[in-house]
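J.: Pasting a structure here, questions to come.
The values are calculated or read from the model by the stated rules, or taken from the named source; none is laboratory data. Predicted model only: the values in this text are computed from it and were never measured. Virtual Cβ from ideal backbone geometry, glycine too; neighbours counted across all protein chains shown.
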Amino acid sequence: MIVDWNNIDTVLLDMDGTILDRHFDDHFWLEHVPARWSQRNHTTLEYAREHLYSLFRSQENTLNWTDLDYWSDRLKLDIPVLKQEVEHLIAVHPYVIEFLLFLKHTGKTVWLVTNAHSKTLDLKMKRTRIGPYFDGIISAHQVGLPKEDERFWGKLQDFVSYDPERTMLGEDSEANLTTAQSFSIRYLIYISRYSSKVEPRRSEHFPTIDYFNKLIPEAGSRCVTILP
């Protein structure tokens, strides 16, 4: 893919795994919550993991997946408070700030578009202080659909005015890129280094970058080439 920034007006960016290190989320849901749940329910950690992972999988591709109130009620744990216990793990990926500054300097409209719950957003924006780099922030909970639903990208236009042909979407989820593709968003970029703790793998379906510096053209140029 040749990215010609002259042909892009709007940039939509996912949050967890795309601009923020997903290590926080993976550690929280796969380690921290099972540990606290096992303590509360007097079970082994092994049983807690098996039980909770099954519950988590049952809500994939729904708004419940990221709804902290839903999980607080379902697990009988104060999930927002538990997140605060490990908030030191929240981190911005390398080169994200440089990329956001580049977008601002070139006059692009930049939106953070995430499945994350409002309470998660509040915590992460306070911790990272990256909110001012965006023209706005939209949660799937506002839209009423998760990004995995093909209807999401059309419904998003009720909140964000954008031309799919002149829009870029950065995501660490191939499922979300696929639904965006069905809505004809032109520039779809897969972020392979979603966590600092995993080895990145290229997408077989979408142009792939590890860090956002790959999208910043050299001085005097407005184009970059992204390998499939």
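J.: For the list (1) loosely packed, with under 14 Cβ neighbours inside 10 Å; (2) within 19 Å of MET1 (Cα to Cα); (3) in contact with a His (Cβ under 9 Å, 6 or more places away or on another chain); (4) not acidic (Asp, Glu), I need the number of the one condition that SER182 fails.
T.: Of (1) loosely packed, with under 14 Cβ neighbours inside 10 Å; (2) within 19 Å of MET1 (Cα to Cα); (3) in contact with a His (Cβ under 9 Å, 6 or more places away or on another chain); (4) not acidic (Asp, Glu), only one is false for SER182: (3).
J.: Also, quick follow-up: Just to verify a result, which residue in segment 5-44, among those that are without any contact (Cβ under 8 Å) to a residue 24 or more places away in the chain and not in a loop (DSSP other than H, G, I, E, B), is nearest to SER139 (Cα to Cα)?
T.: Residues of segment 5-44 without any contact (Cβ under 8 Å) to a residue 24 or more places away in the chain: 25, 30-31, 34-35, 38-39, 41-44.
Right, trim to not in a loop (DSSP other than H, G, I, E, B) and you get 25, 30-31, 34-35, 38-39, 41.
Details: ASP25: 17, LEU30: 23, GLU31: 25, PRO34: 26, ALA35: 28, SER38: 31, GLN39: 32, ASN41: 32 Å.
This residue is ASP25.
J.: Take the residues of segment 112-128 that are out of contact with any strand residue (DSSP E or B) (no Cβ under 7 Å at 6 or more places or on another chain) and among the hydrophobic types (A, V, I, L, M, F, W, C): which is nearest to THR10 (Cα to Cα)?
T.: Checked segment 112-128; the qualifying residue nearest to THR10 (Cα to Cα) is MET125.
J.: Considering segment 141-176 alone, what residues qualify as being among the acidic types (Asp, Glu) and not in a strand (DSSP E or B)? Full working, then the answer.
T.: Filtering segment 141-176 down to residues among the acidic types (Asp, Glu) leaves 148-150, 158, 163, 165, 171-172, 174.
Matches in segment 141-176: GLU148, ASP149, GLU150, ASP158, ASP163, GLU165, ASP172, GLU174.
J.: Continuing with this model, one more query. Can you tell me which condition TRP111 does not meet? The list is (1) within 27 Å of ASN7 (Cβ to Cβ); (2) in a helix (DSSP H, G or I); (3) touching a Gly at 6+ places or on another chain (Cβ under 7 Å), and all the others hold.
T.: (2)
J.: Of everything in segment 208-225, what is surrounded by fewer than 20 Cβ atoms within 10 Å (Cβ to Cβ) and in contact (Cβ under 8 Å) with a residue 60 or more places away in the chain? Give them in sequence order.
T.: Once the filter is applied, which keeps residues that are surrounded by fewer than 20 Cβ atoms within 10 Å (Cβ to Cβ) and in contact (Cβ under 8 Å) with a residue 60 or more places away in the chain, segment 208-225 yields TYR211, ASN213, ILE216, PRO217, ARG222, CYS223, VAL224, THR225.
J.: Determine whether ASP16 is at pLDDT 95 or above, buried (at least 21 other Cβ atoms within 10 Å of the Cβ) and in contact with an Asp or Glu (Cβ under 8 Å, 6 or more places away or on another chain).
T.: Numbers: at pLDDT 95 or above: yes; buried (at least 21 other Cβ atoms within 10 Å of the Cβ): yes; in contact with an Asp or Glu (Cβ under 8 Å, 6 or more places away or on another chain): yes.
Criteria met by ASP16.
J.: While we're looking at this one, here's another question. What tally of residues in segment 47-90 results from selecting those that are of a type outside the set (D, E, K, R), part of a loop (DSSP other than H, G, I, E, B) and farther than 21 Å from ALA35 by Cβ? Steps first, please.
T.: Our first condition is that a residue be of a type outside the set (D, E, K, R); within segment 47-90, this holds for 47-48, 51-56, 58-59, 61-66, 68, 70-72, 75, 77, 79-82, 84, 86, 88-90.
Filter again for part of a loop (DSSP other than H, G, I, E, B), leaving 59, 61-62, 77, 86, 90.
Of the ones still in play, those that are also farther than 21 Å from ALA35 by Cβ are 61-62.
Selection size over segment 47-90: 2.
J.: Hey, any hits in segment 96-106 for a residue that's outside the structural domain of SER173 (by TED's automatic domain parsing), over 19 Å from the mean Cα position of the chain (by Cα) and of a type outside the set (S, T, N, Q)?
T.: Checking segment 96-106: not a single residue is outside the structural domain of SER173 (by TED's automatic domain parsing), over 19 Å from the mean Cα position of the chain (by Cα) and of a type outside the set (S, T, N, Q).
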